[in-house]
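Have a look at the structure below, then the notes.
The values are calculated or read from the model by the stated rules, or taken from the named source; none is laboratory data. Just so it is clear, the structure is predicted and the values come from calculations on it, not from any experiment. Note that each Cβ is placed from the backbone with ideal geometry, even for glycine, and that neighbours are counted across all protein chains shown. Calculation scope for accessible area: heavy atoms of the full protein, side chains included, ligands and nucleic acids excluded. Shrake-Rupley method; radii C 1.70, N 1.55, O 1.52, S 1.80 Å.
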Amino acid sequence: MEPVQALEQIALLLERSLAPAYRARAFRTATRTLRELGPPEVRRRTEAGTLESLKGIGPKTAQVVREALAGQVPEYLTKLESEVAPAAPGEGGEELRALLRGDCHLHSDWSDGGSPIEEMGRAAAALGHEWAVLTDHSPRLAVARGLSAERLREQLDTVAALNETWAPFRLLTGIECDILDDGSLDQDPELLARLGVVVVSVHSKLRMDARAMTRRMVRAVRNPHADVLGHCTGRLITERGRPESHFDADEVFAACAESGTAVEINSRPERLDPPRRLLRRAVAAGTLFSVDTDAHAPGQLDWQIFGCARAAECGVPAERVVTTWSADRLLTWTRGDAPHAKR
């Protein structure tokens, strides 16, 4: 096993297990350092005992490198492989997962993700995706380093440059845009119109009165720039957890169906949102769906199987899942040139 391969695999396992972000980031940083050095220089420095003098290499990452160069499977990697279970497919999830072509919700280190855009894109392509959508946060979510209009414009140029080297894989432009208290969206309409996919989500005042929350969400999903309603209840189901927001689900899902806004099936293990009872009501309402990971690191991009299993369990028709569509069909939909179109 090459040292870079070992470090990458450790980072993936840490990300998948929802370990603190700084732990996985240390192994990602070490991986980049080793790539820049090249294998001969890595071996020379390891033999000379100077590896840890490099910025980004600490005792734990250096030990992984030494063990890999000695022809061993690093002990820390073996430990993680025994502790971190692979994503369990769940009954029926495999069939829908095989149909997926992309992921409409992922974050990079431009906001609160743990890895650069390039690493997220390459990881998505390695999973077999034809496309993925970069959806860093909008400016109001300051705790997540949400993108100002200026930073978002800069990101569009960065994505365009990367796409010149990635064909046939495509990284589509997007945003996870905060739904403000009155239901308006937290970014310039001119910029939202330039994006491939706009995910709209509630991140504040989650305990708002049910009637006010319903009005807020309905206004947001009817916005011509909104394409996907993200993690609709805002719940967290692990550790201390967070209860669901209260709103009239039938009214919100009817507005989604009428306006062509897809309901996200969020696959993060601590979200799994919407709950099954609401997912079934969205099916009955006739909405479109987007099975997404909401990944904040490369190791989380294979979580879609969790959403696929819940979709199969709740009778979500595959033809209504926009993440099974080609990139061209997806963009035709978001730009308003197809049935259920948004704009």
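Which members of region 43-70 meet the condition of being of a type in the set (Gly, Ala, Ser) and surrounded by fewer than 12 Cβ atoms within 10 Å (Cβ to Cβ)? Selection gives 48, 49, 53, 70. Of the residues in region 163-182, none is open to solvent by less than 10 Å² (accessible area, probe 1.4 Å), part of a loop (DSSP other than H, G, I, E, B) and either of a type in the set (Ser, Thr, Tyr) or touching a helix residue (DSSP H, G or I) at 6+ places or on another chain (Cβ under 6 Å) (or both). For region 250-260, the condition holds for no residue, the condition being that it is touching a residue at least 24 places away in the same chain (Cβ under 8 Å) and within 16 Å of residue 106 (Cα to Cα).
For region 233-270, filtered to residues that are of a type in the set (A, V, I, L, M) and open to solvent by 40 Å² or more (accessible area, probe 1.4 Å), the residue that is farthest from residue 197 (Cα to Cα) is 237. The set of residues in region 126-142 that are open to solvent by 40 Å² or more (accessible area, probe 1.4 Å) and either of a type in the set (Lys, Arg) or within 27 Å of residue 187 (Cβ to Cβ) (or both) comprises 130, 139, 140, 142.
Considering region 13-42, and only residues there that are free of Cβ contacts under 8 Å to residues at least 24 places away in the same chain and within 19 Å of residue 238 (Cα to Cα), the residue that is most open to solvent (accessible area, probe 1.4 Å) turns out to be 20.
If the condition is being within 14 Å of the chain's Cα centre (by Cα) and open to solvent by 10 Å² or more (accessible area, probe 1.4 Å), then region 273-296 contributes only 296. Could we say that residue 146 is in contact with a His (Cβ under 7 Å, 6 or more places away or on another chain), part of a loop (DSSP other than H, G, I, E, B) and not hydroxyl-bearing (Ser, Thr, Tyr) here? Criteria met by residue 146.
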